[in-house]
Every structure is written in structure tokens, then in C-alpha cells.
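Novice: A single structure is presented below for examination.
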Amino acid sequence: KTFETIDPRTGEAIARIAEGDKEDVDLAVKAARQAFDHGPWPRFSGAERRGIMLKFADLIEEHAEVLAVLEALDAGKLHSWAKMGDIPGAANTLRYYAGAADKIHGEVLKMSRALQGYTLREPIGVVGHIIPWNFPTTMFFMKVSPALAAGCTMIVKPAEQTPLIALYFAHLAKLAGVPDGVLNVVPGFGPTAGAAIASHMDIDKVSFTGSTDVGRQVMQAAATSNLKPVSLELGGKSPLLIFDDVDVNTAADMALLGILFNKGEICVASSRVYVQEGIYDEFEKKLVEKAKAWVVGDPFDPAVRQGPQVDKKQFDRILSYIEHGKREGATLLTGGKPIGKKGYYIEPTIFTNVTEDMLIAKNEIFGPVMALMKFKTVEEAIKSANNTRYGLAAGIMTKDLNVANTVSRSIRAGIIWINCYFAFDSDCPYGGYKMSGFGRDCGLESLHNYLQVKSVVTPIFNSPWL
């Protein structure tokens, strides 16, 4: 079986892709299980795994142009940003975890009785990674890199909207010397291939990034199969709180980038913007002016800042939320319409007079749609920021250190950015509170997702001390 992968610039097919289903997942799991139980990868020294991972990173950089084209063609992402950001970022992530591969240590335990104890950190086994379409490269390596460093083998199911680049990465992995069966890419659909991974009795761990609704299904399938542990990085409705002591022009730039970067298809997008009343009117005027100047178009054009939404389904979903906003009584300041007759382009869209019970303030839209609101006090800002079922990220803009400290400690979210936004790094753990999931990507926290802790205890006889 095959399926089409679509160019979101035109709505036309790029290629036909082999459609993996349960039987294909079974074959991939058998290969991964063989590679884990009997193959060299988990038995390599950390230094040997590191060397292969570093070669993999070098190959990514050597093929940067091809990879950036695939990213733009399949996902509608800006070619310039993919080449400057996502592709080198993937190589850097691999190198970060390659550096950790030979530094996986347990602890010696100070036991309370005549016992000698220590812990081992061992690879968890065969891992299933289910990754989303909005950052096909970044998400691939946020999950694959720490799992490789830990000594795991794995099955990766890329999103059906963006399979091309994952297949190319599998090709590069083989060139780098990753042994057969260690990294298996199975393109397919969530209800078939994804469900088969989540419910598979011979997969030891699942890592999923995507919507909260699907995350719940993954967790249920894991529980009802072999009770495999899961890591879930799910939806977000992240607040950006702008206090009235900041430069309005800088704040408007930050707020716009926070919602329009990657055409709003980013789970930490600052989709709820709260501005203190002292600067609100000036801020709103500046924001609209900048949004109207934002260039939307072909992602291969260097002047463009926003490409097409990933597919027609997402395009229609965003437009339906814009209609909800109008019906519920929010004021449309700018945007709100599709652009052109071909492809999935949407104008940067800003609503004001938004109340927190409106769908556009509560639900994750995953598109270039901002809900702009006003606040008076620090306490009101904190309450509004936390008035969501999500807890993935938040931004704070202020010159007052006391305000920054109080607000950052009061917001229930996994990552807080102060006077910056999208400040990701390989060394900075990232994940959610509440219905944004649990577990962390990036940092050594992510490496620990793929390691089991084993305690080893022996008695001590006639020791002069414990």
C-alpha cells in the first residue's frame, strides 16, 4: 500500500510513500528486538556509539541542502530557516548526546546495614517514537539521539504529512554505520502504524509528541498492552505576559514572532498574549502595523517569513477557529482570511476583546491566530496565565527582576522564558505540566527517559565500617 505526501504550497502530490501498517510495525519490532537482544549496539562501549553518532551528525551537515529542501517541500517550512536552524540543530543535538554516551553512570549507595549497594543505568530496550509534522527534523533527533546514546534500538513513525525527511535520515544513519535493526523508520498513519506501536507487546517504551487527545490514546494503549512507560509532549496554549515597563516595539516583535514563527504550527506558540493596561493601546497599534507587514508566501523565497500550513485539514481547522472567534464576539484586528487560490496560506490573524471562555482562548489552534487580552495587576496576570488545562510554556516580558521571579515561579508550565521566546537548547529540558503531558525532551533528563535503574546489593562480612 502507498499514500501521497502533499506539497502544501500547491496542494499537489510530491511522491507516493510506502504505507506501513501493523504487519510492517511487527517486522520492524522484530528487527529492533534482534538488534537489542543479540546485536552490537547496546554492547558497544559508549565511546563506540559516540563515534558513529558523530559521523551521523557530520553526514547531516554534508547533506544540509537536500534536507532543507525536503523540510520546506514536505512541511511548508521556510527553506532558509531549515538550512540555518533545524538541520544544523539536528547535528548539534546528535553531538550533544554523543558526548553523553560514554558518561552514563550509576551511584554507589551508602546502605544503612552491612550491605554493599550500587546502581546501574541500563538501556530500556526497544523504543517506539511517534513524531509530529510541525518539526520533522527537530523532533526526530530530540527523540532518536538520546535513545541511541543510551544503547536502545527503535522504531520511528514520522507523521503521515511529513515522511520524506525521516526516510532520508534512515539512509544517512546506515551510511554513518548505525547497525541494521537499530533505527527503523515506518511511515504510516496514526490509527494503524501509530496504534500498533503504542499497543505492541514487544516495545519497551513509547515517546510521543502530538495532540492531547492522541496522547491519551497512546497512554491507554500502553497501559492495556504490556504496561510500557510513556513520555508525552502534548498540546499547549501558552501565555505571553507583557508588563508596562518594557519597550513596546521590542514587545510587539516578540509577541508576533511567538505566534507566527513556523506559521503558528508550534506547541509552545504564544497564542494568548496579555498586555498590561498602561501600554495596551500603543502595543495593539504597533502589533497590527507589524502583522500587516509580515510577508506570507512560498517558503523558498528568502523574503518570506511565513509559509503555508502543513495540509488542507490543518488549513480548514484554523479557518474554522477564526470563524468561531468572530461568532463569539471577539474583535478581528487584522487577518483572518486565506491567501491566494492555490496552497494553504493564511493571513497573520489577531483578535482582541477576547474573553477566557472563548474557544480561541481555550483551545490549541496550531496556526497564526493570536488572542490579545489586557490585565491590570501582577496577580491578575498570574491567574490568567494559569487559567488553562495546558502547561507547556510561558513568556514574561519585564525589566523588574522581582516581577520576573514571582511570575516565573507562579506559572504552572514546563518552561518559562523571561525577555525571550523559543529559547531552546540541547541542554535545556523541555516538557509539560497538566494536560501538556509528562517526561522531558532535551537535556540529560531526556537521556534518562531511555535508561532503567537497576540496584545491585551484596552483603558485607566483617567490614570495619559500613
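The values are calculated or read from the model by the stated rules, or taken from the named source; none is laboratory data. Only a predicted model underlies this, so the values are computations on that prediction, with no experimental measurement involved. Using ideal geometry, Cβ is built from the backbone for each residue, glycine included, and neighbour counts are taken over all protein chains shown. In case anyone asks, the SASA skips ligands and DNA or RNA and just uses the protein heavy atoms, side chains included. Shrake-Rupley method; radii C 1.70, N 1.55, O 1.52, S 1.80 Å.
Novice: Quick one: angle between helix 136-150 and the longest Cα principal axis of the chain, in degrees between 0 and 90, rounded to 10, please.
Specialist: The angle comes out near 20 degrees.
Novice: Right, next: Where does each of 290-298, 188-196 land if you order them by average Cβ count within 10 Å, highest first?
Specialist: The packing order, highest mean first, is 188-196, 290-298.
Novice: Which order do the peptides 142-149, 173-180, 84-91 take when ranked by the mean count of other beta-carbon atoms within 10 Å per residue, highest first?
Specialist: Final packing ranking: 142-149, 84-91, 173-180.
Novice: Can you give me the accessible area per residue for the chain, using a 1.4 Å probe, in Å²?
Specialist: 41
Novice: Right, here's the next one. For the chain, what's the relative contact order in percent, using C-alpha pairs closer than 8 Å and at least 6 residues apart?
Specialist: 19
Novice: May I pose another question? Quick one: dipole size for region 239-418, taken about the Cα centre, charges +1 on Lys/Arg Cβ and -1 on Asp/Glu Cβ, in debye to the nearest 20.
Specialist: 560
Novice: A further question on this structure: Report, to the nearest whole %, how much of the accessible area of the chain belongs to carbon and sulfur atoms, 1.4 Å probe, protein only.
Specialist: 54
Novice: Using 0.36 nm per residue of separation minus the Cα-Cα distance, give me the extension gain between Asp102 and Arg317 in nm, one decimal.
Specialist: Full extension from Asp102 to Arg317 adds 72.8 nm.
Novice: A further question on this structure: Can you check what the net charge comes to around Ser436, using other residues whose Cβ is under 11 Å from the Cβ of Ser436 (Lys, Arg +1; Asp, Glu -1)?
Specialist: Neighbour charge sum, excluding Ser436 itself: +2.
Novice: Another one. Putting +1 on Lys and Arg Cβ atoms and -1 on Asp and Glu Cβ atoms, find which of Ala101, Leu59, Ile130 reaches farthest to the positive end of the dipole of region 43-139.
Specialist: Farthest towards the positive pole: Ala101.
Novice: Going by average Cβ density within 10 Å per residue, which order do the peptides 217-223, 126-132 take, highest to lowest?
Specialist: Ranked from most to least packed, the peptides come out as 126-132, 217-223.
Novice: Per q in 0.17, 0.20 Å⁻¹, report the Debye log10 I(q)/I(0) for region 239-418, using one uniform scatterer on each alpha carbon and no solvent.
Specialist: Evaluating at q = 0.17, 0.20 Å⁻¹ gives log10 I(q)/I(0) of -1.04, -1.40.
Novice: Helix 401-410 versus the longest principal axis of the chain: what is the Cα-based angle in degrees, 0 to 90, to the nearest 10?
Specialist: Its long axis makes an angle of about 60 degrees.
Novice: Of the listed pairs Lys55/Lys110; Lys1/Lys263; Lys228/Lys383; Lys77/Lys292; Lys22/Lys83, which have alpha-carbon separations greater than 30 Å here?
Specialist: Those over the limit are Lys55/Lys110; Lys1/Lys263; Lys228/Lys383; Lys22/Lys83.
Novice: Quick check: pseudo-label points 7 Å beyond the Cα along Cα→Cβ at Leu257 and Ser45, how many nm apart are they?
Specialist: 4.3
Novice: I would also like to ask the following. Can you give me the three principal axis dimensions of the chain from its C-alpha atoms, in Å, biggest first?
Specialist: 76, 59, 41
Novice: Using the alpha-carbon atoms, what tilt in degrees (0 to 90, nearest 10) does helix 280-292 show relative to the longest principal axis of the chain?
Specialist: For helix 280-292, the angle is close to 80 degrees.
Novice: How many angstrom lie between the Cα centre of region 103-124 and the Cα centre of region 1-24?
Specialist: 48
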